[in-house]
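Input: a single structure, listed below in structure tokens.
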Amino acid sequence: MGTIILRIAAGIIAVLGLVVIAFLAMAPPYFDNKMNPVVPHAPYQVSEEAQALHATIPVADLHADTMLWNRDILKRNERGHVDLPRLREGGVFLQVFTAVTKTPSGQNYEENDASTDDIRTLAMVQRWPRRTWDSRTERAIYQAQKLAAFAGKDPGVIVVRSWSDLAAHSDYEGWRRQVDHPSDEEFAEEVKRLYQMTEEEYDAYAEANMKGPDFIQWPNCRDGICGSNSGYLHRGQAIHKVPHLAFILGTEGSHALDGDLANIDRLFDVGYRVMGLHHFFDNKLGGSLHGTSGDGLSDFGRAAVERMREKEIIIDVAHSSEQTVRDALAMGAGPFIVSHTGFDGHCSSPRNISDGLMADIAEDGGLIGVGFWEDVTCDASPAGIADAILYGANKFGVDHIALGSDYDGTVTVELDASELAAITQALMDAGMPDDDIRKVMGGNTVRFFLENLPAE
């Protein structure tokens, strides 16, 4: 009898083990897919004129939470909003990736306390390193390490740490060079220069990827079709497109400091150049827009802001209380970014700060990223996003408006990163001048970071 019971117990344990293994394998992609949907839609119609304009723009986005998810961004995914192939198809040059390190249960725009921590559970389910389970700083470091690992596997990607890093990759002429039927030797030399390949690396890659005498297909092309900023060379058409992608790291709230000012330096050292002060709850720095207190900066918060500015870290006030923003402005800590938001005068929402305070941020030289989800724009279609952008440009000045998608931030969107040309089309349809479209779609963001990142 005892042997039978032991066998039954062993069988039950084995079954439970298989259930746990299956859950750990299936749960992360399930939740990623469920929490970051794209509304099904017919392909957006983008005119030749809009495509041509879009191809001249260093498209830039101020906010994506992609590193939160266990997703291989080197390949195209059927879930979520962002990966490298889709960024390139969308013409993106610069993407800010933000590290989410804590969210409250029952998260909402009105009021949250800090007593719960859903990211701890997500970290465990996604099998993040044990050190991340109890430390928000370690979660931020781990997400920085993930991004660095992805960048290390793609020669067209750089994680930007200084304005000189960005300047080296923001040659506007380099976006689209016309190659006039190059010879085999000229073609090879150009590819090696772009991808910093050795002769041996080029030979191996060309052998694996040549598609006939006139076409070489790079990893970010799919089925022979490449997007508006894809890395391909087609000698027959005498065109090549530069695949450089520049990534900047930011934190979604400074609870990522774990209450220790020394962690500002630790996060800076692993690459963080943008730090949000808050997320959906009050923290040691002061009040969140969605917290319980409405407070401004605490003494610790003031000390943190001072240290961030000493390090030339750019401050993001997207989730901070209005009093926190006023306090930080009074300290002269700007210019700020509001990385993902809408405008209260355009779409009244507890998620959007007042137009008056937004005007103060813009007057201080700040940059405002327009979000892609309905709660902040009241219309998440390309036309609705364009309408919010136009409101901001007219109200606060076109030089202060940018894209701030909040991709992969548990929001529902109507276009993913591959479809950003649809916004260019919508802005053209709304009558925005081409030069202004170039600014809001990326030019302003590239300029802002060139002006405000540390020198080294």
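No value in this document is a laboratory result; all are computed from the given coordinates. Everything numeric here is computed off the predicted structure, so don't read it as measured data. Note that each Cβ is placed from the backbone with ideal geometry, even for glycine, and that neighbours are counted across all protein chains shown.
For residue 200 and residue 76, a Förster radius of 30 Å and the Cβ-Cβ distance give a FRET efficiency of 0.60, rounded to the nearest 0.05. Evaluated at q = 0.17, 0.18 Å⁻¹, a Debye calculation over the C-alpha positions of the stretch 330-456 (equal weights, vacuum) places log10 I(q)/I(0) at -0.83, -0.93.
Taking other residues whose beta carbon is less than 15 angstrom from the beta carbon of residue 433, and scoring Lys, Arg as +1 and Asp, Glu as -1, yields -4. The alpha carbon convex hull volume per residue for the stretch 376-430 rounds to 83 Å³. The simple Förster model, with R0 at 41 Å and r as the Cβ-Cβ distance, assigns residue 311 and residue 124 a FRET efficiency of 0.85. Our analysis of the stretch 332-407 gives Rg over Rh at 0.94, with the two radii drawn from alpha carbon positions and Rh computed by the Kirkwood formula. With a threshold of 20 Å on the Cα-Cα distance, the over-threshold entries among 75/146; 75/153; 34/146; 102/284; 395/439 are 34/146. Neighbours of residue 301, meaning other residues whose beta-carbon lies under 12 angstrom from its beta-carbon, give a summed charge of -2 when Lys and Arg score +1 and Asp and Glu score -1.
Applying Stokes-Einstein at 4 °C and 1.567 mPa s to the Kirkwood radius of the stretch 80-169, computed over alpha-carbon pairs, gives a translational diffusion coefficient of 84 µm² s⁻¹.
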